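Below is one structure, written out as structure tokens; comments come after it.
The values are calculated or read from the model by the stated rules, or taken from the named source; none is laboratory data. Values in this document were obtained by computation on a predicted structure and should not be read as measured data. As a convention, Cβ positions derive from the backbone with ideal geometry for all residues, glycine included, and neighbour counts pool all protein chains shown. Note: accessible area is taken over every heavy atom of the protein model, side chains too, but ligands, DNA and RNA are not part of it. Shrake-Rupley method; radii C 1.70, N 1.55, O 1.52, S 1.80 Å.
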Amino acid sequence: MASQFSRRRFAVRPFEAPVLERPALPGSVVDAVLRFHDEAQDQGSGRTLLRLSPKRLKAPEVKACLGKLAARAANVAILWNEDESQIIRVLEAA
């Protein structure tokens, strides 16, 4: 005689939530923007905004460095502190 606890129960399917956030920006993109930037806008107080231009993104060395991440690097800007030679903030357009 089988008990009531021995009946088969099917596993509940996990709830699949939509992905609302982008994955974190890889360090290779930040490194490429620092290394290959060709647009620098002075922001005052020793701060500069560094970016890659669309023309620079088509350069072979930049393409080789970024690969599939080139489109994402087009939306990245780095606020750079000239006095301290360090990154203040990495900005990415949505």
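Every helix of 4 or more DSSP H residues in the chain counts as -39500 (n - 2.57), and over all residues that averages to -6000 deg cm²/dmol at 222 nm. Charge tally for Leu49 (other residues, Cβ to Cβ under 14 Å; Lys, Arg +1; Asp, Glu -1): -2.
Using only Cα coordinates, the Kirkwood hydrodynamic radius of the chain works out to 16.3 Å.
Under 5 Å between amide hydrogens, built in the peptide plane, is the criterion, and for Asn75 it picks out nothing among residues at least 5 positions away or on other chains.
When a 1.4 Å probe is rolled over the protein heavy atoms, the share of accessible surface on the chain that falls to carbon and sulfur comes to 54 percent. Coupling constants for segment 77-85 follow from the phi torsions by the Karplus curve (6.51 cos²θ - 1.76 cosθ + 1.60, θ = phi - 60°), and in residue order they are 10, 10, 8, 10, 8, 5, 5, 9, 6 Hz; glycine and proline get x.
Between Ala40 and Arg13, the modelled labels are 5.6 nm apart [label points 7 Å from Cα along Cα→Cβ]. For Ala59, neighbours were defined as the other residues whose beta-carbon sits under 12 Å from its Cβ, and their charges (Lys and Arg +1, Asp and Glu -1) total +3.
Among residues other than Glu92 with Cβ under 14 Å from its Cβ, the summed charge is +3 (Lys and Arg +1, Asp and Glu -1).
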